[in-house]
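My questions all concern the structure below.
The values are calculated or read from the model by the stated rules, or taken from the named source; none is laboratory data. All figures in this text were calculated on a predicted structure; none of them were measured in a lab. Cβ sites come from the backbone with ideal geometry, for glycine too, and all protein chains shown count toward neighbours.
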Amino acid sequence: MNKVTKLAILGSGNGTNAQQISEYFAGRADVEVVCIVYNVKDAFIARRAENLGIEARYFGRADFYDNGRVLDYLRQKEADWVILAGFLWLVPQSILDAFPSRVINIHPALLPAYGGKGMYGHHVHEAVVAAGERESGITIHIVDNHYDRGTILFQARCQVDEDETPDTLAAKIHLLEKEFFPQVIDRTIKNA
């Protein structure tokens, strides 16, 4: 029997990408989302995990950076890959070392533009619109020890209209995330 590839999802907020990834792989014999880890106590991602029947666990900053509890938990769950779905902290080196080139993130812009510390969610869309860009999109990349700088796996683009607002751009980006993030994860783990 072929080995099941186990995914651990890390998130901080609403959890729409985590839900889409989990639903994409639901019922698959070869890939399973084994847990969702979140770092904001009341994040809605925990409710989504519960509704999906996936174990969710909250961990604070010390658990990620100081005492190694998150890494211990990922090992306990026998995770093969770590997927960042709206996770807003820099991934600790210990996790990067344990999952070399097996931590994947999505960014709501065309990296290397509009990346780095503090560039997440609405901040990105506001900056893109304020700069008068004619194009934006998503970047899916391998995570390294810098914000938004790892090897790019995939990009998808969308037009930024003259009357674009951060909210309307966010809606376009969300559609790209929904369409491509699970597919790119699937293709990446198959080709590893």
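Can you find a residue that is under 28 Å from A29 (Cα atoms), in contact with a Phe, Trp or Tyr (Cβ under 8 Å, 6 or more places away or on another chain) and surrounded by 17 or more Cβ atoms within 10 Å (Cβ to Cβ) anywhere in region 162-181? Talk me through it step by step, then tell me what you get.
Taking region 162-181 as the starting set, the residues that turn out to be under 28 Å from A29 (Cα atoms) are 174-181.
Add one more test, that the residue is in contact with a Phe, Trp or Tyr (Cβ under 8 Å, 6 or more places away or on another chain), and what stays is 180.
Add one more test, that the residue is surrounded by 17 or more Cβ atoms within 10 Å (Cβ to Cβ), and what stays is 180.
Taking every residue of region 162-181 in turn, at least one turns out to be under 28 Å from A29 (Cα atoms), in contact with a Phe, Trp or Tyr (Cβ under 8 Å, 6 or more places away or on another chain) and surrounded by 17 or more Cβ atoms within 10 Å (Cβ to Cβ).
So how many residues does region 137-158 have that are of a type in the set (F, W, Y) and either touching a helix residue (DSSP H, G or I) at 6+ places or on another chain (Cβ under 9 Å) or closer than 15 Å to I185 by Cα (or both)? Working first, answer last.
So the first thing to find is which residues in region 137-158 are of a type in the set (F, W, Y), and the list is 147, 154.
With either touching a helix residue (DSSP H, G or I) at 6+ places or on another chain (Cβ under 9 Å) or closer than 15 Å to I185 by Cα (or both) added as a condition, the list becomes 154.
Number satisfying all stated conditions: 1.
Across region 28-56, what is the total count of residues that are closer than 20 Å to V143 by Cβ and more than 16 Å from the chain's Cα centre (by Cα)?
Summing the residues that are closer than 20 Å to V143 by Cβ and more than 16 Å from the chain's Cα centre (by Cα) in region 28-56 gives 1.
Which of the helices (runs of 4 or more DSSP H) contained wholly in region 89-192 include at least 2 residues that are without any contact (Cβ under 8 Å) to a residue 12 or more places away in the chain?
121-130, 166-190
Report, by residue number, each residue of region 122-136 that is in contact with a helix residue (DSSP H, G or I) (Cβ under 8 Å, 6 or more places away or on another chain) and surrounded by fewer than 18 Cβ atoms within 10 Å (Cβ to Cβ).
H122, E126
So G115 fits all but one of (1) surrounded by 17 or more Cβ atoms within 10 Å (Cβ to Cβ); (2) in contact with a Phe, Trp or Tyr (Cβ under 8 Å, 6 or more places away or on another chain); (3) in the same structural domain as I9 (by TED's automatic domain parsing); what number is the exception?
(3)
Select from region 143-185 the residues that are hydroxyl-bearing (S, T, Y) and at pLDDT 95 or above and write down the one among them that is nearest to L84 (Cα to Cα).
Within region 143-185, the match that is nearest to L84 (Cα to Cα) is T151.
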